[in-house]
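Trainee: Here it is: the structure, laid out below.
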Amino acid sequence: MPAENQNFTIHDLDEFQVRFNVTDAVGSLVSTNSRAWWGVSSDDSPTSTLVIQRSNAAWAVITSPAGLSNVNFGDVSELNIQPTFIDVLVKLREINSTEGGSISISPTTFPDTFYHECIFSYANNQTDSVGIATGEITVLQSLFTESNYRK
């Protein structure tokens, strides 16, 4: 069952780490086939654009059912699966076009809110995945950033 309302607040351009504790897992989350995905978008509508994505490794290529997009990005240093939790690191600068960094959620007006969710598969299979957590990220204005000390 996903943990809903996993809300947190950051300041503009903050680097941060998110930890999702999984209290209802049957056993350890760790296996050679364990995959997790974390995504951030401007809202929770199906047409919203993902601004940040993380995965611990590339997921298996999906050939059936037709029409699914593959989860084909990932880096163990950016998303780490442990026996009872999943850690996600979000850096200031964009990592690459498919993963993003916290600079991708630097709003033009404050405060601004983004939607996030974490998905897990024990079998490296996106069609057999489960929701771990959902929530909102609120981005507040940063005096440090607004004083032109970081971009």
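The values are calculated or read from the model by the stated rules, or taken from the named source; none is laboratory data. These numbers come from a predicted model, not from an experiment. Here the Cβ positions follow ideal geometry from the backbone for every residue, glycine too, while neighbour counts run over all protein chains shown.
Trainee: Give region 19-36 a look and list any residue that's at pLDDT 90 or above and more than 13 Å from residue 116 (Cα to Cα), or say none.
Mentor: Within region 19-36, 21, 22, 28, 29, 30, 31, 32, 33, 34, 35, 36 meet the criteria.
One line per residue, one yes/no per condition, for (1) out of contact with any strand residue (DSSP E or B) (no Cβ under 6 Å at 6 or more places or on another chain); (2) modelled with pLDDT under 85; (3) not hydroxyl-bearing (Ser, Thr, Tyr):
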{"position": "38", "(1), (2), (3)": "no, no, yes"}
{"position": "44", "(1), (2), (3)": "no, yes, yes"}
{"position": "54", "(1), (2), (3)": "no, no, yes"}
{"position": "64", "(1), (2), (3)": "yes, yes, no"}
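Trainee: Turning to a different aspect of this structure: Take the residues of region 123-141 that are at pLDDT 95 or above and over 14 Å from the mean Cα position of the chain (by Cα): which is farthest from residue 67 (Cα to Cα)?
Mentor: Here the residue is 141.
Trainee: Counting just the residues of region 131-151 that are of a type in the set (Ser, Thr, Tyr) and part of a loop (DSSP other than H, G, I, E, B), which one comes out farthest from residue 112 (Cα to Cα)? Spell out how you get there, then give the answer.
Mentor: Of all residues in region 131-151, those of a type in the set (Ser, Thr, Tyr) come to 134, 138, 142, 145, 147, 149.
Checking which are part of a loop (DSSP other than H, G, I, E, B) leaves us with 142, 147, 149.
Numbers: 142: 12, 147: 19, 149: 21 Å.
Among those that are of a type in the set (Ser, Thr, Tyr) and part of a loop (DSSP other than H, G, I, E, B), it is 149.
Trainee: Within region 38-55, which residues are in contact with a Gly (Cβ under 8 Å, 6 or more places away or on another chain) and not small (Gly, Ala, Ser)?
Mentor: 40, 50, 51, 52, 53, 54
Trainee: Right, another one. Please find, within region 103-122, the residue that is farthest from residue 70 (Cα to Cα) out of those that are surrounded by 17 or more Cβ atoms within 10 Å (Cβ to Cβ) and either more than 14 Å from the chain's Cα centre (by Cα) or β-branched (Val, Ile, Thr) (or both).
Mentor: Here the answer is 106.
Trainee: Scan region 85-106 for residues that are modelled with pLDDT of 85 or more and part of a loop (DSSP other than H, G, I, E, B) and report the count. Step through it out loud before you land on a result.
Mentor: Of the residues in region 85-106, the ones modelled with pLDDT of 85 or more are 85-92, 101-106.
This time we only want the ones that are part of a loop (DSSP other than H, G, I, E, B), so: 91-92, 101, 106.
Final tally of qualifying residues: 4.
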